[in-house]
1. Return the whole-Å distance between the Cα centroid of region B:1-49 and the Cα centroid of region B:127-194.
2. Rg(Cα) of the protein assembly as shown divided by 2.2 N^0.38 Å?
3. For a 22 Å ceiling on Cα separation, which of these pairs sit above it: A:2/B:107; A:59/B:92; A:55/B:55; A:63/B:142; B:25/B:170; B:90/B:142?
4. Per residue of A:67-73, count partner chain C-beta atoms within 10 Å of its C-beta, then hand back the mean as an integer.
5. Give the value in nm², to one decimal: projected area of the alpha carbon convex hull of region B:20-170, averaged over all directions.
6. Kyte-Doolittle mean at least 0.0 and Cα extent at least 27 Å along the axis: which DSSP H helices of chain B qualify?
7. Can you give me the three principal axis dimensions of chain A from its C-alpha atoms, in Å, biggest first?
8. I'd like the distance separating the alpha-carbon centroids of region A:36-78 and region B:57-90, in whole Å.
Amino acid sequence: MKCDDVFKLISDYIDRELKRDIEEIIEEHIRECERCFALMKTLEKTIFLSKSIYKRRRKVPKKVLEKVYYEVRIRYRK
Amino acid sequence: MKEKESQLIERAKNGDTKAFEELMKRHQAKIYNLGLRLLGNSQDAADLLQETFIKAYESLQSFEGKSSFSTWLYRIATNFALMKLRKEKKNKVSLEELKEISDTKYKSRISDWSENPYAHLKNEELRELLENAINSLPPKYKSVFILHDVEGLPLAKVSEILSLSIPAVKSRVHRSRLYLREKLEKYFQNKGGF
């Protein structure tokens, strides 16, 4: 497998979307290739950081809920 | 004991508004937070929540249960967000640039900055840069990236929500990741050293 192939398949590899034998070929390549190893590590870190930005889940403010329920209830009468 | 969702849907379809409100209660936090992630501010997230539930109430009879109720709500919410995002005048990265990053030959230098001491979100500069980069993704890429990589939904579910083929979802996820990775790489290059 060449670096270009790893580059194309790396997201599928991270998502565990590949067959086991293809995964093994990629793993073998990554062990030997510093550049592809760096690509994988930095992509994983990019995903991790992006997820972390939005990690905190917020409660819906009471005022927002009141308005939403009010607006939906108006539709009950229609 | 919590009533089954399918029973609530049936009751709501038969005009039981209490059942519909129980459905809203179960999903409101998830939809509101999706709105915050896709649209970036609490006012738009509130509008998204409201419009999603109004639309869901009005088209409840057309819900056939082919997908889960949650997927159906996500679809309504994401469509609303996409409409809103498309109207935004903010600068977006071009589709050509995104394609170029994934189609051009693998560039020779890739640096491993994953263990860099500045590669964490307490670094405000980095956080801002990444947030801006995510917001600069074209709507159809941003929605896929948020649903899959941030919300953690499986590819098949994202494809169902956005009515896209799985290969199309995969390609957008891949290009978004490569684009964001490159933005971070440039940041670390400018910082000097890895």
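1. About 26 Å separates the Cα centre of region B:1-49 from the one of region B:127-194.
2. Against the compact-globule rule of thumb, the ratio is 1.13.
3. Pairs exceeding 22 Å: A:59/B:92; A:55/B:55; A:63/B:142; B:25/B:170.
4. The per-residue average across the peptide is 6.
5. Approximately 11.2 nm², given one-decimal rounding.
6. B:69-87
7. If we take the Cα atoms of chain A, the spans are 66, 26, 18 Å.
8. Between the Cα centre of region A:36-78 and that of region B:57-90, the gap is 15 Å.
Every read-out reported here was derived from the displayed coordinates using simple, explicitly stated rules and does not represent laboratory data. For clarity, every value in this text was computed on a predicted model and none was experimentally measured. Backbone-built Cβ (ideal geometry, glycine too); neighbour counts: all protein chains shown.
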